[in-house]
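The structure appears below as C-alpha cells.
The values are calculated or read from the model by the stated rules, or taken from the named source; none is laboratory data. Source: prediction; values computed, not measured. Methodologically, a virtual Cβ is constructed for each residue, glycine included, from the backbone with ideal geometry; neighbour enumeration extends over all protein chains shown.
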Amino acid sequence: MRLLLMGLSVFLFFGVNAQSKLYSKAIISTTTNVIAPEDEEIQNMQNNSEGGRGFNFRNMMDGETKFVTYLKDNMVKTNMKSETAKGSIYRDNDKKLTSTIFEMMGNKMGFYVTDDEQVEMQKRRDSMMAERRKKDTTQKQAPQVDRSKFTTEIAYTNESKKIAGYDCKKAYLVTTRILGVKDSSIFWYTPAIKFNNLFSTGGFSNMPGMMGNMAPTLNGLEMLDGFVMRYEMNMRRGRRMEVEVTKIELDKDITEKEFELPKDVEMKPMKEMQNMFGGRGGGGVFMRGGRD
C-alpha cells in the first residue's frame, strides 16, 4: 500500500508539472481583427484635413492584420502585414531594447527605444494630457491616471475549446482602475505550453510608442500558467479587437540572422519620431493621426 501511494504521488507530481512545458524557440502565427462600429459615419474614416479626401491614420489598423512571431531564447521578432502597412518589431530582452520598422506608402522608417525610455514617454504623454485638460475649460477635468495603482486578477471558468490544435480554457482578465472601475477582457489559454519571455502574440500593445493610448494592454498575463491563444478586448472610439493564434511551430530551426536589423533602413531614436509628428506626447500621433 505504501509503495502504491508513493507511486501515485510521483505520478500526480509529474502529471501536474508536465501540464505546462516551457519552450525557448517557436514560430507563432496570429491574426488580429479590429472591428469598427457599424454605425460609424463615413466622414470619420477620411482625412478631413484635405477636404474629406485621403486616409485617416487613426483607422489604418482597422480590419485584419497578420502576425508571425519568431522566438529564440531572449530574442523575439514579429512580422506584421495588413492592407495598408507592414513592418517588423525586434525585441532584445537582454538589452531591454525594442526596434520597430514600418513600411507604408513606399516609405520605410525605423526607430528604437529602451524600456526606461518607454516609461518616460508614457509619463510625458500623461503630463501633456493633464495640461490639455487644465487649459480646456469646456470639458470636465478628470483626475490624472496613475497606472501604478491599477490591480489585475484572473477569473477562471470551466469553459474549454480547441484552438490551433491545442486544448484551451476560458478566463477573464479583470483590471481595477481608479475609483474602482473594472475592465474585463476575455481570453483563452492553453496550459500545455509556455514560452520564455512571451505571454501572448498579435495585437498592438507590443508596438512601443506607435499606438499611443489607443491600444489597450493585457497586464497580468505573467500570472497565468499557460500561453494565451485568443483574446477579445474593447478599444477606443468604439472599436473591438479580436486576436487568435492560428499556428504554432515548435520544431523549426531559427537562425541568429532572423533577428538582424535590415541594413537598408536608418534606425533613429523613438524621440525623433515624436519630433517628426509634432511632439504630441509620443509616437502615438503616428498611428492615431491626432487627438480623438
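Among the numbered conditions (1) surrounded by fewer than 20 Cβ atoms within 10 Å (Cβ to Cβ); (2) modelled with pLDDT of 85 or more, the only one that residue 205 does not meet is (2). Please determine, by comparing only the residues of region 36-83 that are part of a strand (DSSP E or B) and over 22 Å from residue 26 (Cβ atoms), which one is modelled with the lowest pLDDT. It comes out as 63. Scanning region 168-183 for residues that are exposed (fewer than 13 other Cβ atoms within 10 Å of the Cβ) and either at pLDDT 95 or above or touching a strand residue (DSSP E or B) at 6+ places or on another chain (Cβ under 8 Å) (or both) yields one hit, 182.
Of all residues in region 59-83, those satisfying the criterion of being surrounded by 18 or more Cβ atoms within 10 Å (Cβ to Cβ), closer than 22 Å to residue 235 by Cα and not polar (S, T, N, Q) are 60, 61, 62, 67, 80.
The residues in region 84-128 that are surrounded by 17 or more Cβ atoms within 10 Å (Cβ to Cβ), hydrophobic (A, V, I, L, M, F, W, C) and not in a strand (DSSP E or B) can be counted, and the count is 1. Residue pairs whose Cβ atoms lie under 8 Å apart, sitting 6 or more positions apart in sequence or on different chains, and linking a residue in region 232-244 that is touching a residue at least 12 places away in the same chain (Cβ under 8 Å) to a partner that is part of a helix (DSSP H, G or I), are 237/58. Residues that are within 23 Å of the chain's Cα centre (by Cα) and at pLDDT 75 or above are absent from region 137-146 altogether.
Looking at 287, 276, 229, just one residue is modelled with pLDDT under 65 and surrounded by 17 or more Cβ atoms within 10 Å (Cβ to Cβ), and that residue is 287.
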